[in-house]
Amino acid sequence: MVRTSPSPAVFRFAPSPNGYLHLGHALSALINADTARACGGRLLLRIEDIDPARCRPEFEAAIIEDLEWLGIGFERPIRRQSEHLEFHHTSFEMLKRRGLVYPCFCSRAKLGRAVAALEERGGEKWPRDPDGASSYPGFCRDLDADEIAKRIGAGEAHAWRLRVARASEVAGPLTFREHDAAEPGSPRRAVKAEPLAWGDVILLRRDAPSSYHLAVTLDDAAQEVTHVVRGTDLRAATSIHRLLQALLQLPEPSYHHHRLILDEEGRKLSKSIASTSLRQLRASGASPLDIRERIGLSA
């Protein structure tokens, strides 16, 4: 009998090229790199560039430069989400044929006004999703086919939402495997997936050809990622990703959600609040070892 050795673990670091990397990105990238190296696994770099309004080539170049400066090696070629939109759309069409998605013609402004009116009328706060955004009230969930065809035919802007309640019934109860440490051999625990907490999430955006939830789930499967290592701010989103994996019959990776790096005010580091970038720290004389010490990683 010929024995085959087990396939190596596959990790990935997947930033968006809409700004410069900061210490939070360094923590995630280094944990992925260190763990892949320790277990003899592979490390992939994926550029999540589905937002045409914010993603720019100079930011992608800066990402690669910062990672190389940190001493992080990754396999090539680099996968860019924008080069695989047909794959995303084909998978979306599978969900559409099963009646699991519907077009939503509500803009953010309209939803904001509607939720404010609902809160004023009801006298209490409208339900929020795990990210703190107002849950979708379902205004377009039950539009009839003729109205949908008429509005789409007239060119009215729309997104496509997942019927999460129906999809959850189809998929049945779900869990995801969580590692307490970023080590492939560490003990795993089953975490109950709770996609209903998100309401009807958007799978195709009005202003972009895909969405984070759909693209990240499909690309992890396409790249045969076995271990998803990312921040705790994305743990709740794993429930939606597990739902999509079940609906599309995709493999289930293991997950580890690591601590976040916070600023002096206790906020998660973010490009949107102009957190100090690695480029700025490097320009001020910081070394890769300094970065490791600042984020609490050993050399």
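Bear in mind these aren't lab numbers, they're just calculated from the coordinates by the rules spelled out. All values reported here derive from a predicted model rather than from experimental measurement. As a convention, Cβ positions derive from the backbone with ideal geometry for all residues, glycine included, and neighbour counts pool all protein chains shown.
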**Message:** Using only the alpha-carbon atoms, how far is helix 108-122 inclined from the longest principal axis of the chain? Give it as 0 to 90 degrees, nearest 10.
**Reply:** 70 degrees
**Request:** Could you work out how far helix 238-247 tilts from the main Cα principal axis of the chain, as a 0 to 90 degree angle to the nearest 10?
**Result:** 70 degrees
**Message:** Compute the angle between helix 212-222 and the longest alpha-carbon principal axis of the chain, please, reported from 0 to 90 degrees and rounded to the nearest 10.
**Reply:** 60 degrees
**Asked** So how strong a dipole does the stretch 23-102 carry about its Cα centre when Lys and Arg Cβ are +1 and Asp and Glu Cβ are -1, to the nearest 20 debye?
**Response** 460 debye
**Asked** In debye to the nearest 20, how big a dipole does the stretch 251-292 give about its Cα centre with +1 on each Lys and Arg Cβ and -1 on each Asp and Glu Cβ?
**Response** 140 debye
**Message:** Using Stokes-Einstein with the Kirkwood hydrodynamic radius over Cα pairs, what translational diffusion coefficient do you get for the chain at 10 °C and a viscosity of 1.306 mPa s, in µm²/s rounded to a whole number?
**Reply:** 76 µm²/s
**Fill in**
Given the candidates S16, Y212, S135, the one whose Cα lies deepest towards the positive end of the charge dipole of the chain, counting +1 at each Lys or Arg C-beta and -1 at each Asp or Glu C-beta, is S135
**Request:** State whether the stretch 1-91 is rounded, prolate or oblate according to the following rule on the C-alpha gyration tensor (a ≥ b ≥ c being the square roots of its eigenvalues): a/c under 1.5 gives rounded; otherwise a/b larger than b/c gives prolate, and the remaining case gives oblate.
**Result:** oblate
**Request:** Could you work out how far the C-alpha centroid of the stretch 89-138 sits from that of the stretch 192-242, in angstrom?
**Result:** 17 Å
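Of all beta bridges DSSP finds with both residues in the chain, what is the antiparallel percent, to the nearest 5?
Just about 50 percent of them are antiparallel.
Pull out the extension gain between R113 and E265, defined as 0.36 nm times the separation in residues minus the alpha carbon to alpha carbon distance; nm, one decimal.
Numbers: separation 152, 0.36 × 152 = 54.72 nm, distance 3.03 nm.
Working it through step by step, the gained length comes to 51.7 nm.
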**Message:** Can you compute the FRET efficiency between A157 and K192 using 1/(1 + (r/R0)^6), with r the Cβ-Cβ distance and R0 = 30 Å? Round to the nearest 0.05.
**Reply:** 0.25
**Item:** Of G40, I64, L30, farthest towards positive along the dipole that unit charges on Lys, Arg, Asp, Glu beta carbons give the stretch 6-95
**Value:** G40
**Asked** Could you give the Stokes-Einstein D for the stretch 188-239 in µm² per second, using the C-alpha Kirkwood radius, 25 °C, 0.890 mPa s?
**Response** 194 µm²/s
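Nearest 20 debye, what's the magnitude of the dipole of the chain about its Cα centre given +1 on Lys and Arg Cβ and -1 on Asp and Glu Cβ?
For this selection, approximately 340 debye.
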